[in-house]
Amino acid sequence: MSTENQEASTVAVTIENGVAWVALNRPEKRNCMNPALNRQMMRVLDELEYSEDVAVLVLTGEGTSWSAGMDLKEYFRENEAKGLGATRRAQSEAYGWWRRLRWYHKPTVAMINGWCFGGAYGPLFGCDLAFAAEEATFGLSEINWGILPGGGASKVVADLLPLRKAMYHAMMGENIDGKTAAEWGLVNEAVPLSELKARVQAVCDVLKGKNPVALKATKDAIRRVKEMTYDNAEDYLVRAQEAANSFDNDGRKEGIKQFIDDKTYKPGLGAYDK
Ligand code: ACO
């Protein structure tokens, strides 16, 4: 069997009505990320990114875990034993698919069904939106076994949380539940686990109704402008809108027409009929 075939089982994909449900699939290892999974996830993201069957991508985990972070044996110990080259390669495979998610062509939603530790904050941040089970558990456990929160995890909490909360979370090694993660802004919302899939499905249904060119331009704009001065952001946004117009001349004109001429909807209250 080829390596690719052996690695395929580490990620499970189901496509239903325009939504790709992509699950980390090593439940017996709590979906910790080993090099095989990292490579497979990049293949899956490649395959789905421009597929006409997919409007929204949901990232979740099989079993009781979203992801228990990096595989301490296969990602850290075994690569460190092989030397610097193997370690750097493993890092670039992991960081590569998280970066791919951050700038993904389709809207992405993290559905955090259980454990979410350390390295898992990379793909958590990579997704545009995040919904957690109230029962989920979030932790920067790095400090508990003697490293700093690397692989972007420190950046994630510094970006998403107020400084004191980020420091406490990173330094104390205490876990928080989904409800607290929502209060802190690590995720958008927390709902009981039994309602999580329905809530995420409802979010996907809304996203599916929006203009896809505008969605991609919007998600990129929010990430880009966060690091710009106001004036630079203003300039970037003019250019980004003009670039989006060149891909989507009909969509926004139709949106204006349905509001101003046809009076069939109100942009303040919902999306135009695509
Ligand atoms: N790396 C390697 N193996 C792991 C990891 C991991 N991150 N997480 C779980 N596993 C393995 C366990 O070793 C065990 O393997 P085994 O069945 O061969 O013994 C199996 O997954 C099941 O794990 P349990 O600990 O038995 O599962 P339980 O449900 O009791 O606990 C929990 C789940 C709390 C997530 C626990 O597994 C854990 O603490 N995992 C480590 C979490 C962590 O700190 N991750 C690293 C973050 S730092 C970083 O990512 C850079």
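Overview of results
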read-out: Net dipole in debye of the stretch 137-208 [+1 Lys, Arg Cβ; -1 Asp, Glu Cβ; about Cα centre; nearest 20]; value: 120 debye
read-out: Per-selection metrics, the stretch 137-274 (Cα): Rg and Dmax in Å; value: 20.0, 63
read-out: For the chain: accessible area per residue (Å², 1.4 Å); value: 53 Å²
read-out: Which of 155, 216, 274 is most accessible, then next, and so on - probe 1.4 Å; value: 274, 155, 216
read-out: Cα-only Debye scattering, the chain: base-10 log of I(q)/I(0) at q = 0.16 Å⁻¹; value: -1.30
read-out: Nearest-10 value in Å² for the accessible area of residue 148, using the 1.4 Å probe; value: 120 Å²
read-out: Estimated [θ] at 222 nm from DSSP helical runs (n ≥ 4, -39500 (n - 2.57)) normalised by residues in the chain, nearest 500; value: -15500 deg cm²/dmol
read-out: Of all DSSP beta bridges in the stretch 1-142, antiparallel share, percent nearest 5; value: 25 percent
read-out: Pair residue 80, residue 223: separation of 7 Å Cα→Cβ label points (nm); value: 3.0 nm
read-out: DSSP H segments from the chain that extend 18 Å or more along their own axis, Cα-based, with Kyte-Doolittle mean of -0.5 or above; value: 35-49, 193-208, 212-225
read-out: Nearest-20 debye value, the stretch 8-109 charge dipole, Cβ charges on Lys, Arg, Asp, Glu; value: 500 debye
read-out: Solvent-accessible area of residue 77 with every protein chain in place, 1.4 Å probe, in Å² to the nearest 10; value: 150 Å²
read-out: Pairwise FRET efficiency - residue 92 versus residue 171, Cβ, R0 = 35 Å, nearest 0.05; value: 0.80
read-out: Solvent-accessible ranking of 194, 2, largest area first, probe 1.4 Å; value: 194, 2
read-out: Most positive-pole-ward Cα, 107, 150, 259, against dipole of the chain from beta carbon charges; value: 150
read-out: With DNA, RNA and ligands ignored, accessible area of residue 193 (1.4 Å probe; Å², nearest 10); value: 80 Å²
read-out: Among the listed pairs 165/197; 219/257; 29/73; 210/274, those beyond 19 Å (Cα-Cα); value: 165/197; 219/257
read-out: Spin-label model distance (nm) - residue 53 vs residue 266, 7 Å beyond Cα toward Cβ; value: 4.0 nm
read-out: Magnitude of the charge dipole, the chain, Cβ model with Lys/Arg +1 and Asp/Glu -1, debye to 20; value: 400 debye
read-out: Centroid-to-centroid separation of the stretch 233-274 and the stretch 31-105 [C-alpha atoms, Å]; value: 35 Å
read-out: Of 220, 46, 250, the one that fluctuates the most in a GNM where the chain has Cα springs shorter than 10 Å; value: 250
read-out: Fraction of antiparallel bridges per DSSP, the chain only, in percent to nearest 5; value: 25 percent
read-out: Largest-first ordering by accessible area, 1.4 Å probe, given options 87, 229; value: 229, 87
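The values are calculated or read from the model by the stated rules, or taken from the named source; none is laboratory data. Keep in mind it's a predicted model, so treat the numbers as computed, not measured. Counting neighbours? That spans all protein chains shown, and the Cβs are built from the backbone with ideal geometry, glycine included. These accessible areas exclude ligands, DNA and RNA; they are computed on the full protein's heavy atoms, side chains included. Shrake-Rupley method; radii C 1.70, N 1.55, O 1.52, S 1.80 Å.
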